[in-house]
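The next block holds one structure in the form of C-alpha cells; read it before the comments.
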Amino acid sequence: MFKSISLILLAVGVGACGKRPDKVDMATVLAHKLSANKQLASFSFCNDVPLVWDSILVVKPYCPAGEIKKFGVKNYANTKDFVSNQGVDDANCTLLFLKNQTCVGYSVVPRAIVDLADLPNEKDSGVSLITKANCLKKLRFDKTHEFVKMVD
C-alpha cells in the first residue's frame, strides 16, 4: 500500500516538473499595437501578456542557450529547446515568461516586427530582464532603418 502511494506521488511530481511552457503569440500582439500608430506606441507587458508571470527573459540574437542557466530557470530542461537555436539566430528574439523562476510560457518575436535586441543586458549576457516594475516599454519606429525598436 505504502509503495503504491509512493509511486503515485512520484509520478505526479515528475509530471508537474515536466509540464511544457505554453506558446504565446506576442508577435501578433505587438504588430497589432503598432498598426494604430507607426511612430510611437506604448506597450505594457503587464497588461498584454495572457499568462501569469513575474519576469520575462528576452533572449537576444546570438545568445548561447547556456546563458539562460545564469538566471536559475527551474525547468530549464523543458525550456532549452525554445532557445537552442538562438545562438545562431539573428532574425528573432525569444521571450521566456517566468513565474517563481519557472518558465510558464515562451514566444518568438521576429526582429522584423519589433527589434528587442537593444534592451539592456543583464548579468553580462545576451539576455534582458523585464519585470512588473519595468514592464511599460515604448515601441518606436526607426524611419532611417524602417523597423520598430522597443526601448525603455
- [ ] Scan segment 49-68 and give yes if some residue there is part of a loop (DSSP other than H, G, I, E, B), β-branched (Val, Ile, Thr) and surrounded by fewer than 22 Cβ atoms within 10 Å (Cβ to Cβ), otherwise no.
- [x] yes
Task: Scan of segment 73-132 for residues that are closer than 19 Å to Val29 by Cβ and of a type in the set (Phe, Trp, Tyr), ordered by number - done: Phe82, Phe97, Tyr106
Open item on the list: Restricting to segment 78-89, give me the number of residues that are of a type in the set (A, V, I, L, M) and open to solvent by 10 Å² or more (accessible area, probe 1.4 Å).
Closed with: 1
Open item on the list: Among the residues of segment 134-144, are any among the polar types (S, T, N, Q) and at pLDDT 80 or above?
Closed with: yes
TODO: Go through (1) modelled with pLDDT under 85; (2) assigned to a helix (DSSP H, G or I) one by one and return the number of the condition Asn78 breaks.
DONE: (1)
Task: Matching residues in segment 94-145 - criterion: being part of a strand (DSSP E or B), β-branched (Val, Ile, Thr) and closer than 13 Å to Phe45 by Cβ - done: Val109, Ile130, Thr131
Open item on the list: I'd like the residue in segment 90-124 that is polar (S, T, N, Q) and open to solvent by less than 10 Å² (accessible area, probe 1.4 Å) and, out of all such residues, is nearest to Asp22 (Cα to Cα).
Closed with: Ser107
TODO: Output the number of the condition that Cys46 fails; it satisfies all remaining conditions of (1) at pLDDT 85 or above; (2) surrounded by 13 or more Cβ atoms within 10 Å (Cβ to Cβ); (3) under 19 Å from Leu98 (Cα atoms).
DONE: (1)
TODO: Determine, yes or no, whether Asn75 is open to solvent by less than 50 Å² (accessible area, probe 1.4 Å), closer than 11 Å to Pro21 by Cβ and either without any contact (Cβ under 8 Å) to a residue 60 or more places away in the chain or in contact with a Ser or Thr (Cβ under 7 Å, 6 or more places away or on another chain) (or both).
DONE: yes
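The values are calculated or read from the model by the stated rules, or taken from the named source; none is laboratory data. All figures in this text were calculated on a predicted structure; none of them were measured in a lab. Here the Cβ is made from the backbone with ideal geometry for all residues, glycine too, and neighbour counts use every protein chain on show. SASA here: full protein model, heavy atoms, side chains in, ligands and nucleic acids out. Shrake-Rupley method; radii C 1.70, N 1.55, O 1.52, S 1.80 Å.
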